[in-house]
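Heads up: the structure comes next, in structure tokens.
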């Protein structure tokens, strides 16, 4: 089985978890509670015992399929990582590209150029 996401009022999510748990048990599967997360604002009291056993995550720190759900610290960290990865990829590609251009310049007395991609910071 794979990951899944549920959302809604606590009573609805609690009922859905009970259904998933029951259906999973019929298939020989069980819910890995240690990997389950519940997204709710800090200070919210969770009444359900099963939902209360999940790892709490604030909406600002919530991630779905690797993407932050809201603006905030988590989004900034993720964007910084993506920009860093892109920068390294472009640098490596530019290195290979300019080696080839340099060889072409030597062979054919061509003109070379350099291009740079940047991500706006504002």
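The values are calculated or read from the model by the stated rules, or taken from the named source; none is laboratory data. Since we're looking at a predicted model, the values are computed, not measured. Every residue, glycine among them, receives a Cβ derived from its backbone with ideal geometry; neighbour counts consider all protein chains shown.
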Please indicate, with yes or no, whether at least one residue in segment 52-61 is more than 26 Å from residue 80 (Cβ to Cβ) and loosely packed, with under 15 Cβ neighbours inside 10 Å.
yes
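Condition check ((1) part of a strand (DSSP E or B); (2) farther than 27 Å from residue 2 by Cβ) across all residues:
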residue: 44; (1), (2): no, yes
residue: 51; (1), (2): no, no
residue: 56; (1), (2): yes, no
residue: 60; (1), (2): no, no
residue: 71; (1), (2): no, yes
residue: 76; (1), (2): no, yes
residue: 81; (1), (2): no, no
residue: 85; (1), (2): no, no
residue: 88; (1), (2): no, yes
Please verify whether residue 28 is exposed (fewer than 15 other Cβ atoms within 10 Å of the Cβ) and at pLDDT 90 or above, treating the condition exactly as stated.
no
I'd like to know if segment 90-107 contains one or more residues that are part of a helix (DSSP H, G or I), over 28 Å from residue 7 (Cα atoms) and at pLDDT 75 or above.
no
Condition check: at pLDDT 85 or above and at positive phi. Does residue 52 satisfy that?
no
